Amino acid sequence: MIDKKLLDDHNLTHEEYDRIVELIGREPNLTELGIFSLMWSEHCSYKSSKVHLQKLPVSGKNVIQGPGENAGIIDIGDGLAAVFKIESHNHPSYIEPYQGAATGVGGILRDIFTMGARPIALLDSLRFGPLDKAQNKSIMSGVVSGISGYGNSMGIPTVGGETCFHECYSKNPLVNVFALGLVEKDKIFYAKAEGIGNPVLYVGAKTGRDGIHGATMASAEFGKDSEAKRPNVQVGDPFREKLLMEACLEATSKNLIIGIQDMGAAGLTCSTTEMASKSGTGIEINLDKVPQRETGMTPYEIMLSESQERMLIITGRDKVDDVQKIFAKWDLDAVIIGRVTEGSRLKVSFKGKIVVDIPVEAVVNLCPVYQREICRPASLSMFPTDLLPDIPGDLSASLLRLLSSPSLADKEWIFRQYDHMVQINTAFLPGMDAALLRLKDTKIALALTLDGNGLYAQLDPRTGGKAAVAEACRNLACVGALPMGVTNCLNFGNPEKPETMWRFQEVVEGISEACRVFDIPVTGGNVSFYNESEGKSIYPTPVLGVVGKIDDINKAVDTGFKREGDDIILLGTNRDEAGASLYLKLMHGLEFGPPPQIDLEKEKKLQKFLLEIISLSWIRSAHDVSEGGLAVCLAECCFSGKNRPGFSVTLEENMRPDTLLFGESQSRVVISAGKKEVQKIIALAKERDIPCRVIGKTGGKRILFKHNGKTVIDLDAGQAFSAWKTALPKIMAP
Amino acid sequence: MKFGIVVFPGSNCDRDTFHVCNHVLGHKTVYLWHKSHDLQDVDCVILPGGFSYGDYLRPGAIGKFSPLMNEVGEYADKGGLVLGICNGFQVLLELGLLPGAMLRNKNLKFLCQFVHLRLEDNKTAFTRKAKIGQILRMPIAHFDGNYYADPGILDELRKENRVILRYCDANGLVSEDNNVNGSAESIAGLINKKGNVMGLMPHPERCSEQILSSEDGRVIFESVIDFIHA
């Protein structure tokens, strides 16, 4: 009955099938095969990435929960803990952008409130193909609407994120969604199935045929037939999820629950087996009791469905009534479908027959782990800098062009579709280096950011990994927040290709090294492989989500210049590094490395210094230099400033002016400060061995750069602002 | 003074409004569950923002059938103060406690942003602490805030001074360019004939604390408090 075609349909290899037979001591039936195919998929098992992910530092004094649960948890003081995680929904978002993105939001939110935490923020990192192609525009439009439709209705603010564009994301868009919740430290709940005989409750929406094989789909490349996979994408119902969230939080706050797990990827299969596995118990369920939206569903379909807005709860027998009352109040099903058993088997019955009887361990923990073949690509597109193209005659025009490119242009078109203020904690509106959330009734604020650069990682994956961590932490330092924990989303191509795996290994080692130097733990994350369509892979794209804390919210600073006549100070050094810059790509169509190099120890010192001067209230603004270089960084300080003051900057480095203006050297931050503070800042910088010098002044109506006595950029600030502000709306106009 | 905040399934600004009434302004505040029939002797009922019942059909279309809406209707008939914010405003329109209806925003997208509003009348229970012509900076967050009413109703609203807030620019200029969602006559908030039921699309609870970059929303709550205490 089980032949090669069936195995192919389930994305299982022959060797994997033999292992299943060996583990269960017989041939599996179709339902059992389906269960193994889901749980052994790349998406659920991490079979290709596990050996590498073990290198990441996962512990630290503030870590309450590291990787392996629904989300990571760190202690943020005042009796509170932050629960956070990032996850990809790349594949479904390509096939059906609205629902793909919407259910991505729904899934990550369940991961948070499953643990008893109320979600307070969403951020997303989005990557699309260039917007001159209609398909990419329509994908972006759909994804943004999907996030908006789900997050807004749930009442969880989307407070920040990033959106970038590159050809490699055509047909492979990336939708990485991050969520963070708050919980009292002693009220955290875990996915466990403890207490032999305890009832297993199914709560939330009914099960339908949607999303069957979603996890398997996300574990293979797309061919030309990808549109036909639309039925694999789940359909979201944010209203149902809002009810589910309120009911779950009410039940957890009243301590009525022993264990709880959401049914996300791999639905009922994953939640039952993972909970039992974590507690070393078995679990028995009766599928006839499972609330169903459609008639005639088979055990295979019920076990594999990825219908949204469902949870599995283990509670004590004496508490079932109370739990059911709460769910009834919120008009939701809460049905006993089984119980926790001795031993460690998953037993599933359907119409009086046992249809599944397999060892939990085999499903959850005995999936083969692959040490995939690794091979460094022959060419990494490096080139000597003397081959740089001629310097453009009009660098003002270059700056305007960069500012109006979709990757750097103002993203208001996107974030005003998101309710970013609900829950009234949003202290910084979107568009700053990091999102800043006040915590009511405390002085504490949390700062959140997402960051990554695919081109750096393509050209030099190790540096790309390090730079992603460094920049995310620098973003937090720019608002005055100390980084406390990291979650990462690693987006790659097909892991069966040795060059992809080499890049993966390099990126993970880069991230790992940087996290060790900065002393921040990785508390969880997600790996998304097979981001390939028709044989073309994305650039390796690590996205880092970093959570930081500021003890006194009144000390936080933002990006914008505040007053005319303030001094502009550059912390860090402008190096002769043009490689991998957005400038080379946009103005010259070149993608060559090496990307800017990073000295992690120096970076750490710089961030520490920045935190110190912010806590002393010496500066009025801070913004890190990243894509687009120094010129774009300064322009952004002007655009987000009060009344948008112009500025004049003088540079004296002996290098090409375009590299100086648009190069992306690491470990640089632009700050502004009043006269009185400047001398103090310079003196302290000297003491701390931080490169620091005044490069100009705010004021006037022009954006002015001088290089070695020559004016290289001279623009009207209003005109530049308008180019930056209107670019995206113009492109997206119907 | 006691505020009551209605909780529909799908309300998501209930906790925010509670925070402002209770923690920021220091007044007794209770939640009113939509399935109950008890208004708990409150002095002002607030219908908060959100997506009552998911609003898949039309904002507020199902919310108006909530059991508690019977009591809210009677309470309003007797002159009790009812304030509808955003989705709460939409529910009041569906209930017929205020005239007109909401269409999708003119750009057919959800809009979350700060806007400027011109205060048109300060002789109401909800605006007595404000000045006529005062410009308020408040956030909006809605997909369906494009106010529509037939010309007869618009005439009546104008003649009876029942338009309370209009979208405008930073200098108070009302024009089609500043009419963010396309509302008829730039209407952002209005009141009933008796002056005890008001609806507005902007969110005063989102701008009642200094840390949230505007405190202009406080004047609405403070007017109600002043009116009740007067």
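Points worth noting:
- Sequence ranges A:536-545, A:239-248, ranked by mean other-Cβ count within 10 angstrom, highest first: A:536-545, A:239-248
- Applying a threshold of 21 Å to the alpha-carbon distances of A:K555/A:K608; A:K289/A:K353; A:K329/B:K78 flags A:K329/B:K78 as lying beyond it.
- Seen through its C-alpha gyration tensor, with square-root eigenvalues sorted a ≥ b ≥ c, region B:14-96 comes out oblate because a/c lies at 1.5 or above while a/b is not bigger than b/c.
- Our Cα-only numbers for region B:2-229 put the radius of gyration and Dmax at 15.8, 45 Å.
- Over the protein assembly as shown: Kirkwood hydrodynamic radius from C-alpha pairwise inverse distances, Å: 29.2 Å
- Evaluating 6.51 cos²θ - 1.76 cosθ + 1.60 at θ = phi - 60° for every residue in region A:474-488, the Karplus couplings come out as 5, 4, 5, 4, 5, 9, x, 9, 8, x, 10, x, 10, 10, 9 Hz, glycine and proline recorded as x.
- Lysine pairs in region A:1-111 whose alpha-carbon atoms fall under 29 angstrom of each other, counting only those eight or more residues apart or on distinct chains, come to 10.
- Global geometry of region A:48-126, whether rounded, prolate or oblate, following the gyration tensor of its Cα atoms and the 1.5 cut on a/c: oblate
- For A:I260, the residues whose amide H sits under 5 Å from its own are A:Y190, A:A191, A:K192, A:I314, ignoring neighbours fewer than 5 places away on the same chain, with H placed 1.01 Å from N.
- Number of partner chain Cβ atoms within 10 Å, mean per residue of B:135-143: 3
- If only the Cβ of Lys and Arg carry +1 and only the Cβ of Asp and Glu carry -1, the dipole of region B:2-229 around its Cα centre is close to 100 debye.
- When the charge dipole of chain A is built from unit charges on Cβ atoms (+1 for Lys and Arg, -1 for Asp and Glu) and taken about the Cα centre, the candidate among A:T523, A:G160, A:P734 whose Cα reaches farthest toward its positive end is A:G160.
- Amide H contacts under 5 Å for A:I76, placed H, 5+ residues apart: A:A81, A:A82
- The helix-only estimate of mean residue ellipticity at 222 nm for the protein assembly as shown, built from DSSP H runs of length n ≥ 4 each weighted as -39500 (n - 2.57), is -9500 deg cm²/dmol after division by the residue total.
- Estimated inter-spin distance, A:I2 and A:E601, nm [label 7 Å along Cα→Cβ]: 5.5 nm
- Under-5 Å amide H pairs with B:G80, H placed in peptide plane, nonlocal only: none
- Cα-Cα pairs of region A:1-132 separated by more than 21 Å (percent): 61 percent
- For region A:489-494, the Karplus equation 6.51 cos²θ - 1.76 cosθ + 1.60, evaluated at θ = phi - 60°, returns couplings of 10, 9, 9, 9, x, 6 Hz by residue, with Gly and Pro reported as x.
- Phi to ³J(HN,Hα) by Karplus 6.51 cos²θ - 1.76 cosθ + 1.60 over region A:459-471, Hz, x for Gly, Pro: 7, 7, x, 5, 4, x, x, 5, 5, 5, 5, 4, 6
- Lysines with Cα under 18 Å of B:K159, excluding same-chain neighbours fewer than 8 positions away: B:K123, B:K193, B:K194
Every number in this text was worked out from the coordinates using simple rules, so none of it is lab data. Everything numeric here is computed off the predicted structure, so don't read it as measured data. No Cβ is skipped: glycine too gets one built from the backbone with ideal geometry, and neighbour counts run over all protein chains shown.
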